[in-house]
Amino acid sequence: MKARISMITFGVRDMEAAVAFDETGLGLPRIESPPTVAFIPLHGSWLGLYGWEELAEDALMAQVHAAGATQVKKPQSVFWGGYSGYFQDLDAHLWEIAYHPHLWIGPKEGSA
């Protein structure tokens, strides 16, 4: 499997303010998504915004753990049909590693 980052998810304390900042301040459009999450398409990847507390609760992988990360949530099947897990890096940033078998986030084939 080739490694790639298809989405980075940030935990936010105020979803409305974070979405407004991204849309107004950065000019990044939010695509249609449930009110508890925001998906912002970037070229070949997505930015996800999710509630700070929910992300912390919902949050490893052997490789990152061996490199010094802290396991937050063991990878497991999730309600949306994929697989995900969470870890904290050395600076305490919370990362989600996810696989979504029903959705391709990357660029269209043949595009740069």
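No value in this document is a laboratory result; all are computed from the given coordinates. All values reported here derive from a predicted model rather than from experimental measurement. All Cβ positions, even for glycine, are placed from backbone atoms using ideal geometry, and neighbour counts span all protein chains on display.
Annotation: peptides 85-98, 19-32, ranked by per-residue average of other Cβ atoms within 10 Å with the highest first, follow the order 85-98, 19-32. With each label modelled as a point 7 angstrom along the Cα→C-beta vector, the I8-S33 pair spans 1.4 nm. Applying 1/(1 + (r/R0)^6) with R0 = 25 Å to the Cβ-Cβ distance of L26 and Y83 gives a FRET efficiency near 0.25.
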